[in-house]
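Take a look at the structure below.
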Amino acid sequence: MIKNHSNLPSAQLPNAEDLLKVLAQKLEPLLQKNTALVGIHSGGVWLMQRLLSILETTVSKHAIEYGTLDVSFYRDDYAQRGLKVENRPSQIPFDVENKHIILIDDVFYTGRTTRAAMNELFDYGRPASITLVALVNRGGRELPIAPQIVAANLPLDTTQHLQLTKLADGSLALELTQHNSARTQEHE
């Protein structure tokens with residue numbers, strides 16, 4: 001189910017469930033001992049939960065730990081955006097120090113959410129490395145940050161907003177909307 005409120009053809013949007021499978025295949029070789037998955041709320045957490053299930057054997061074999069981040073307070077535009085209604089506390093139940101962190105987000109845009117997530121992670125300790133994984137890279141990077149692993153590159157105009165949604169049956173879908181302003185309230 002793809003919602004598309006712009007004038008673009010729906011065929012332009014890839015299937016989020018198919019992209020999730022691609023992401024799992026690309027991610028599996030990175031799952032080694034001393035690795036942890038960290039999902040960024042909310043779409044990155046949804047992806048992480050599904051990836052933990054899809055890659056259950058590898059996750060168990062290497063004792064992969066995982067946690068979640070809500071980077072709202074770490075964003076450089078917090079004063080403009082304010083507090084979200086669905087603000088959730090971050091949960092990092094493992095020692096970040098010298099851990100290889102795989103940071104998971106749904107849609108990569110400017111890099112600001114990633115920067116905020118890295119700032120928060122360093123509050124927990126100094127990781128050995130951070131690898132950024134995104135379901136979709138929509139283009140529009142503003143910082144020298146980019147995902148190392150993506151399931152799809154989907155260049156979009158700045159007036160378009162791409163969001164991962166979770167459907168009632170638990171499956172994931174992409175939603176594309178059109179905005180009048182050149183700067184959207186997109187999370188990244």
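One table, with the values for the structure above:
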| item | result |
| --- | --- |
| For segment 110-183, convex hull volume per residue from C-alpha positions, Å³ | 128 Å³ |
| THR158, THR110, reordered so the largest accessible area comes first (probe 1.4 Å) | THR158, THR110 |
| Surface share of carbon and sulfur [accessible, 1.4 angstrom probe, percent] for segment 10-178 | 50 percent |
| Exposure rank, largest accessible area first [TYR124, TYR66, TYR109; 1.4 Å] | TYR66, TYR124, TYR109 |
| Theoretical gain in end-to-end length, ASN153 to SER171 [0.36 nm per residue, Cα-Cα removed] | 4.4 nm |
| Distance violations [Cα-Cα > 20 Å] among LYS61/LYS166; LYS33/LYS99; LYS33/LYS61; LYS26/LYS61 | LYS61/LYS166 |
| Span from the segment 36-57 Cα centroid across to the segment 114-150 one, whole angstrom | 15 Å |
| Backbone N within segment 37-70 under 15 Å of label point (7 Å from ASN119 Cα along the Cβ vector) | 70 |
| Segment 10-178 - charge dipole about Cα centre, Lys and Arg +1 at Cβ, Asp and Glu -1, debye rounded to 20 | 200 debye |
| Label-to-label distance, nm, for residues given as GLN91 and ARG126 (7 Å Cα→Cβ offset) | 3.0 nm |
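The values are calculated or read from the model by the stated rules, or taken from the named source; none is laboratory data. Note that the structure is a prediction, hence the values are computed from the model and not measured. Don't worry about glycine lacking a Cβ; one is built from the backbone with ideal geometry, like all the others, and counts go over all protein chains shown. Heavy atoms of the whole protein, side chains included, go into the accessibility calculation; ligands, DNA and RNA do not. Shrake-Rupley method; radii C 1.70, N 1.55, O 1.52, S 1.80 Å.
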